[in-house]
Every structure is written in C-alpha cells, then in structure tokens.
1. For the condition without any contact (Cβ under 8 Å) to a residue 12 or more places away in the chain and of a type in the set (A, V, I, L, M), what is the one hit in A272, A267, A260?
2. Can you tell me which residues in the range 610-628 are open to solvent by less than 50 Å² (accessible area, probe 1.4 Å) and outside any loop (DSSP other than H, G, I, E, B)?
3. Suppose the filter is open to solvent by 10 Å² or more (accessible area, probe 1.4 Å), touching a residue at least 40 places away in the same chain (Cβ under 8 Å) and among the aromatic types (F, W, Y); does F638 pass it?
4. Check whether at least one residue in the range 277-292 is among the acidic types (D, E) and at pLDDT below 90, and report yes or no.
5. Within the range 702-720, which residues are open to solvent by 20 Å² or more (accessible area, probe 1.4 Å), more than 22 Å from G528 (Cβ to Cβ), outside any helix (DSSP H, G or I) and not aromatic (F, W, Y)?
6. Condition check: in a helix (DSSP H, G or I) and of a type outside the set (V, I, T). Does E293 satisfy that?
7. Can you tell me which condition E310 does not meet? The list is (1) under 24 Å from A466 (Cβ atoms); (2) in contact with a strand residue (DSSP E or B) (Cβ under 8 Å, 6 or more places away or on another chain), and all the others hold.
8. When both residues are 6+ apart or on different chains and their Cβ atoms are under 9 Å apart, which pairs have a first residue that lies in the range 64-75 and is acidic (D, E), and a second that is open to solvent by less than 40 Å² (accessible area, probe 1.4 Å) and part of a loop (DSSP other than H, G, I, E, B)?
Amino acid sequence: MTYRMAKVIVDVPSRETDRPFDYLIPESMAGWIEVGSRVGVPFGRRTVQGFVVSLHEQPEMDPARMKPIQELLDMMPPLPPDLVELAEWMSRKYACSLIAALQAMIPAALKGKAERYIRVADDAAEEGALTGAVGRVEGETNDFTLSHLLTPAEEEILRFVRASDTVTMNQLGAKYPEAAGLIKDMLALGVLTESQAIKDKVRKKTVKTVAAAVSGEAAQEALASFGPQARRQKEVLQYLLEVGLPQSLQDVLQALQVTAGTVKKLAEKGFAVIEDVEVFRDPYQGRRFQRSEPLPRTPEQELVYQRLAETLDAQRHEVFLLHGVTGSGKTEVYLQTIERCIASGRQAIVLVPEISLTPQMVERFKGRFGAKVAVLHSRLSTGERYDEWRKIREGRVEVAIGARSAIFAPFSKLGLIVMDEEHETSYKQEETPKYHARDVAVRRARQHGAAVILGSATPSLESYHAARSGGGEYGEFAPILLEMKQRPAGSRLPGVQIVDMREELKEGNRSMFSRALHQGIAARLERGEQTVLLLNRRGYSTFVMCRTCGYVASCPNCDISLTYHQKSNNLRCHYCGYAEVAPSVCPECGSEHIRYFGTGTQRVEGELAKLFPGIRVIRMDVDTTSEKGAHEKLLQAFREKKGDVLLGTQMVAKGLDFPDVTLVGVIAADTALNFPDFRSAEKTFQLLTQVAGRAGRHQLPGEVFIQSYMPEHYSIVHASGHDYLSFVREELKTRKTMHYPPYSRLILVTLSHEKLPLLLRMAENFAGDLRAKAQRQGWFGSLDRFVPAALDILGPVASPIPRIKNRYRIQCMVKYRGDLDAVGLVRETAAATLDQWRDAMLQISIDVDPQMLM
C-alpha cells in the first residue's frame with residue numbers, strides 16, 4: 001500500500017528544527033493538502049503550526065509509526081508554490097531559517113499559536129462511573145461515582161467545564177487561579193481531557209444581515225396578518241420588501257429606530273431571515289477617490305513607455321532601471337504601464353519605501369484603478385491587513401501597493417513589479433530574514449516571466465553600475481537603463497544655493513537658520529506659498545551635557561547618548577526604548593548648568609514660532625506619526641494649506657508633490673556625512689537631491705537652500721547642481737580603491753553576548769576559523785589581485801554601537817567578489833562556532849548585502 005506524505009516546516013525557530021519533517025496525510029485531507037498549505041501538526045507533546053513544502057508517496061511503511069497531520073488551517077493554501085520556492089531561495093541567500101522566510105510572507109493574522117482546550121472526559125460526561133480512576137481509593141476495585149472520587153473543589157471545576165462543554169486552559173486558569181495543581185491531577189486521572197488546536201490572531205469579520213423571507217402574494221398576506229400590537233414588525237417587513245436586497249441588521253435598526261427583538265420576532269414567524277455574512281474590513285471605507293485619466297505622454301515618457309510595453313506584451317522577464325529626474329513623471333509611466341499589464345490579464349505589485357508616501361500613492365492608484373487596488377502596509381490594523389491580503393489571494397484585485405513586504409503579495413499571474421525610489425535603504429529588512437526587496441523582486445519576477453521597473457532620480461550605485469556594466473558583482477540582475485532627464489513643459493528643476501554656516505557664524509548669526517533661508521521663509525509667508533524644511537533627526541536636541549563637569553546623559557543599557565524630547569520632558573534611547581525624566585540639575589555634580597546640545601525637529605519648530613509669530617508648522621517625524629492614519633492626516637492638512645511649513649525628517653524628502661511648495665530648506669546637510677558608513681556620501685547626495693525635488697514641481701518656480709558646515713564636500717556640491725553622473729564618477733573612484741560595493745559584495749557578521757571577555761574569545765575563534773576555511777578554498781586575501789574570485793575578512797572589531805540592550809557587540813566584515821559561495825561559508829562557520837561554544841547567550845547575526853554597518 002502507498003501512503004500520501006507531506007514534508008512540513010514547523011514553526012519552531014531553532015537550528016535543530018530548520019528542516020522538513022514527514023507527516024502522514026489522513027484520507028479525509030488527501031484532496032485538500034497542497035504545497036503551501038498551513039497545517040497543525042503534533043510536535044513532541046504539543047501542536048504547532050507548519051507549512052507544507054512538498055508532497056510525496058511512500059510505500060511499505062508502518063502507518064502506526066508516522067504522525068498524521070492534525071488539522072488543515074485554511075481551505076485555500078496561503079502560500080502558492082512559487083512563494084514556497086522563493087522562501088527556499090531566501091533561506092539560502094540570506095542565511096536564515098526556512099520558517100523565518102515563510103513567516104515573512106504571511107500576514108500577522110495567520111501566525112497562529114496552539115491553544116489548549118479542556119473538556120470533560122467521555123467517561124465522566126455524566127454523573128456516573130469513572131473507569132480507570134479507582135486508584136484514587138486504595139484497595140478498591142469496583143467502579144465509583146464521581147462524587148465518591150472528587151473533592152468539593154474538583155467537583156466545582158468539573159461543573160464549570162461541563163457547563164461550557166469546552167473551555168480554554170486560559171479561561172480555566174483565570175476562573176480558578178489557585179487550582180493549577182487540582183487541574184493537573186484531574187487531567188492525569190482522565191477526569192478532564194486536553195486537546196490542542198492552532199488559533200489565529202484574527203478571524204474573518206462577519207455582520208448580521210436581515211432580508212425578507214417572503215415575496216409576492218405571500219408578502220401581501222403576511223403584511224395583512226399583522227395586528228396593531230405588531231405594528232413595528234410590519235414596518236420592518238415593509239422596509240425589507242422595498243429595499244429588496246439583504247441589509248445590515250444594524251442599518252435596519254438605525255433606519256427604523258426599532259430593537260433587535262422586533263426583528264428577531266419577525267424572523268421567528270418565518271417572514272425574515274437573519275444571517276451572518278462575511279465582510280472585508282476596508283481601511284478606506286467611506287473615502288471617495290477622484291477618478292483620473294491617463295495624461296498625455298511627453299516625448300521622453302513615450303520612449304520609455306513603448307520599451308516597457310514591448311516587454312509586457314511579449315510576457316518576457318526583463319529588469320529596467322528608470323532614471324528620471326525629480327518631477328519627470330515617473331509615477332504616470334508606472335500607472336500607464338500597469339494599465340497595460342492589467343489589460344493583458346496579469347497583475348502588478350507596486351513597492352514604495354516609506355509609509356509617508358503610501359497615502360499619496362494610494363490616492364493616485366485608487367483614482368486610476370478604483371477597487372482593483374489592495375494596500376499593504378504596517379499602519380493598517382491586523383484585521384485590515386489580513387483582509388487586503390485575502391483580496392489578493394482570492395483574485396479580487398489586480399494591483400497591490402505597499403512597503404517592503406508587499407513583494408510577497410500572493411498573486412498567481414504576476415506580470416509587473418514596480419519599485420519606486422529603488423535606492424532607499426528601507427527596502428532592506430534589518431530583522432531576520434534580512435532580505436532586500438529589490439533582489440527578491442527580481443527573483444520573483446523571473447519565476448513569473450514578469451517585468452521589473454526600478455525607478456529613482458538617484459539610483460543606488462549598485463543598480464546604476466550593474467546597468468552600465470552588464471551586472472558587475474551583481475550579475476544576478478543586469479537592468480536595462482531608461483532615462484527621463486526633463487520635467488514636463490512649464491516646470492524646471494529648482495535653483496540650489498549652498499550656505500556656508502561657518503561664514504554665518506563669523507557674521508554673528510548664531511541662529512539655526514541662515515539669513516538667506518530666513519528671508520526665503522518670510523517671502524513665502526508673505527506670498528502665501530509653502531515651505532518644506534528637512535532635518536534628518538527627531539526629538540528636541542541630540543544630547544544633554546553638563547557644562548560644569550562634562551557629564552553626558554547616556555542609556556544604561558546601550559553605549560549611546562539619550563535624546564531629549566521636549567513635549568514629554570523625557571530623555572529617550574532610540575535603540576532599546578529606555579526613558580527617564582530630564583534632569584534639572586547634573587546627576588554627577590549637582591550643577592544647574594545642564595544644557596541641551598544639537599538640533600532636533602521639536603527645537604526647530606520652537607525656533608520657527610519665535611522668529612515668525614503665527615506661523616503654522618506641520619511637523620512630521622516618528623513622534624508625530626505614531627498613530628494610525630497620522631501620515632495621511634498631516635499631509636492632507638498641508639495639501640489643504642492648513643500649514644505654512646512642513647517640517648520633518650527624511651520622510652518629507654521624497655515622493656511628495658505639492659503645487660504651492662516653492663522653497664525647500666535643509667537645516668543640517670552634514671548629518672549623515674559623519675556616520676561610520678562607506679555609503680554616507682551617497683546617502684547625503686540622494687537625500688539632498690530628493691528633498692530639493694519637492695520645490696517648484698508645478699508652475700511656480702522653486703528655490704532650495706542647503707545649510708552646511710562642509711559646503712565643499714563633493715556630495716553636497718553635486719547635489720546642488722542636480723548632477724547625478726558627476727557624483728557617481730567621483731564616488732565610484734573611492735569605492736573601487738577601497739574594494740567596496742559595487743566592486744565587491746559584503747556580509748556583516750555580528751556576535752553578541754552579555755560578557756565582553758568571553759565574547760572577545762568567541763569572535764577571535766570565529767574569525768580565525770573563517771580565514772582558515774577561506775584559505776583552504778584559495779579565496780582569502782586576494783582582493784588586491786586581479787583574480788576572478790576573491791575574499792577578505794575585516795575584524796573582529798567593536799560594532800559602532802558596542803552595546804545594545806546590555807549585550808556587547810563585535811562584528812566581522814566579509815568582502816568578496818566573483819562566483820563563490822561566501823554566504824554558505826559564513827553560515828557553516830557560524831554554526832560550527834555555536835556548536836563549539838554551546839553557550840546559550842551567544843548570538844550570531846548574518847547580514848548579507850548590509851545597508852547599515854551598525
């Protein structure tokens with residue numbers, strides 16, 4: 001006999017369980033279990049969630065020795081086979097467990113955990129004999145009734161469980177918090193039985209509906225049968241007959257001002273039907289989006305569109321890098337290309353880097369495609385995100401728009417993936433699995449024969465170099481370069497002026513605003529135009545220091561200074577969340593000369609109020625946008641000109657389009673240049689170019705002021721001229737000399753432990769083993785030589801932030817080029833290190849192609 005088997009990845013995150021386990025498929029589930037199915041399976045003494053990754057048949061097997069799948073959790077598998085295959089690829093590429101990759105692809109609502117259910121045993125279901133429990137009365141062999149065997153407290157527990165038929169262990173524990181021992185005894189004796197089942201975090205939403213159950217002559221006879229005492233029931237039936245379709249019970253109650261009892265009585269007479277009907281939670285319920293039509297294409301847009309259309313029509317996998325200056329109409333190209341994709345019967349995913357961009361993009365895409373669009377981002381409630389995901393899985397929509405994780409939207413006929421602002425580091429996930437959405441997008445598009453558009457005014461050097469060199473070190477994708485160098489007629493790139501803040505200080509200006517920026521803001525206030533101010537920092541000030549003894553307020557858990565937040569009068573750590581009340585005197589010496597240094601968004605807001613009385617400032621940073629819908633409300637208020645200035649961190653720097661913004665000011669352009677990161681110049685250039693592009697996007701001309709203490713730095717100079725190519729040429733020289741991407745690839749390995757001396761020994765051991773293995777392969781120490789495959793290891797050294805959450809951190813950097821399995825080598829060495837030390841406190845994090853070196 002042949003048995004149907006499933007290989008299941010269980011949701012038990014550990015190195016020992018990072019492999020598929022075989023489970024028997026019961027006959028009752030044989031036609032339902034598929035690759036991608038979510039199942040509940042026995043694992044040890046508990047039930048856990050798992051994912052089916054393959055199916056096979058196994059002959060000549062003892063079924064008694066195989067554990068069967070316990071439950072099928074979804075009628076439709078949440079993961080189509082292509083996503084299971086993609087997860088396996090992610091596990092190899094990013095050195096993560098397969099369960100971590102699979103979990104990243106499903107909404108939080110489906111990350112179920114086992115719930116323990118308690119019921120009365122069948123033998124004890126009635127007040128009768130309890131076979132098997134006679135051991136409680138020593139020397140007796142006859143059957144005894146429950147009243148002979150149980151204590152009064154146990155009898156009370158039994159009555160409670162029997163009354164509810166089944167209760168959860170949590171409910172039972174809450175009812176009898178002191179009776180844990182009694183409950184365990186009753187389970188051991190078989191008086192109570194326990195079962196486990198997977199419970200999801202969110203259920204499908206239902207509403208009660210009511211509809212008339214009669215029609216025609218029967219309806220007229222029913223209406224005539226109501227007496228004066230049933231006048232309200234008659235009104236309800238008349239209303240239901242008039243509207244015809246089923247109505248929400250709540251709407252009926254409100255419309256007629258009747259009670260639920262009235263409707264219930266009508267249903268009991270057989271004149272109405274009350275049903276629970278499933279509905280989708282809609283985060284945009286009640287919102288009306290103004291319908292938009294495709295705009296005429298400029299000559300540049302026409303060339304780009306025709307090239308994209310050719311690939312879509314051929315249903316051919318190709319990757320395009322769309323390099324278009326700010327305001328050149330990239331979004332309109334996206335919209336028209338997606339429209340062509342939908343017309344061919346295929347589906348599209350649109351990725352945006354920031355939640356702050358989502359409201360404006362949603363408005364444009366809903367205005368063009370209406371209900372065909374689903375939205376996925378972290379600010380939706382768990383239920384809303386689940387229902388938007390279900391619309392995609394069930395084929396109810398053709399377009400999904402969202403941040404990084406929207407790349408896993410479960411479309412089955414994917415034809416196009418658009419990645420807006422492709423250079424943004426937020427596309428790289430900093431928690432496991434540490435994937436980059438760009439590389440995942442390219443891989444997924446290849447599975448479907450789909451096209452990919454990577455769009456940006458400031459493409460990442462990796463993408464641009466790959467387009468120019470045919471792949472380079474990033475040979476897995478070699479994008480085709482498409483360019484749009486002009487804004488539509490009537491709109492020009494804004495003029496940019498660099499302000500040397502050192503000269504401002506010499507001239508006696510100690511304000512955070514240069515004289516030119518001050519005058520520019522005043523002129524906009526007078527003309528009724530709007531200003532965007534960028535400060536890539538939140539809070540009131542950067543740090544708090546005593547000017548008497550030099551004390552700096554620092555986090556007790558992390559090696560980082562605390563940031564002052566004026567609104568709450570708190571000092572906070574932006575890494576571990578630690579907070580304390582801001583001191584009025586120095587905790588070290590008692591001096592009152594404790595001051596706030598640096599500049600944060602709250603402080604800029606306060607200074608604006610002092611310099612321009614009555615100015616209306618809308619501040620956007622992590623502190624003001626923490627509530628649901630905050631981004632949308634703030635941006636809508638600015639669009640409606642309820643604010644004169646939009647002040648914020650990098651979330652105001654990109655993607656936003658406001659016709660009355662004619663001035664952009666950058667308070668401190670040097671912030672990122674001082675970070676210990678080889679990408680600091682690139683990030684500075686991108687941020688300045690992007691925020692400058694917010695000015696003068698329509699008919700009114702724009703002006704930009706960049707304030708800097710390093711005005712001669714090439715990233716600032718080239719950003720002031722909107723000169724991407726000159727910046728790229730200069731930056732690539734440095735990268736090539738230092739063997740940094742795009743001329744190599746990186747793997748950042750971080751080891752952490754609570755004991756520093758022990759961590760140092762572990763890190764040296766890891767680095768030594770890694771060097772020895774690389775030398776045996778002939779790879780090590782050859783980056784400076786012209787050889788195809790080369791690898792070098794830097795470190796171990798202390799991480800830029802050496803301690804976070806009371807854990808010390810040491811890192812090693814692996815640089816490599818060529819076709820060699822550096823990720824596999826690092827993963828193998830990390831596993832060997834963990835096995836060798838067998839210290840539960842040691843953690844090793846592997847970050848492939850890191851975007852931050854922290």
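1. Being without any contact (Cβ under 8 Å) to a residue 12 or more places away in the chain and of a type in the set (A, V, I, L, M) holds for just one of A272, A267, A260, which is A260.
2. V617, I618, R619, M620
3. Criteria not met by F638.
4. So far as the range 277-292 goes, yes, one or more of its residues are among the acidic types (D, E) and at pLDDT below 90.
5. Passing the criteria: M710, P711, E712, H713.
6. No: the conditions fail for E293.
7. For E310, the failing item is (2).
8. Listed pairs, sorted by first residue: D74/S37.
The values are calculated or read from the model by the stated rules, or taken from the named source; none is laboratory data. Note that the coordinates shown come from a computational prediction; the quantities given were computed from them, not determined experimentally. For neighbour counting, all protein chains shown are included, and Cβ atoms are generated from backbone atoms with ideal geometry for every residue, glycine included. With ligands, DNA and RNA removed, areas are computed over all heavy atoms of the protein, side chains included. Shrake-Rupley method; radii C 1.70, N 1.55, O 1.52, S 1.80 Å.
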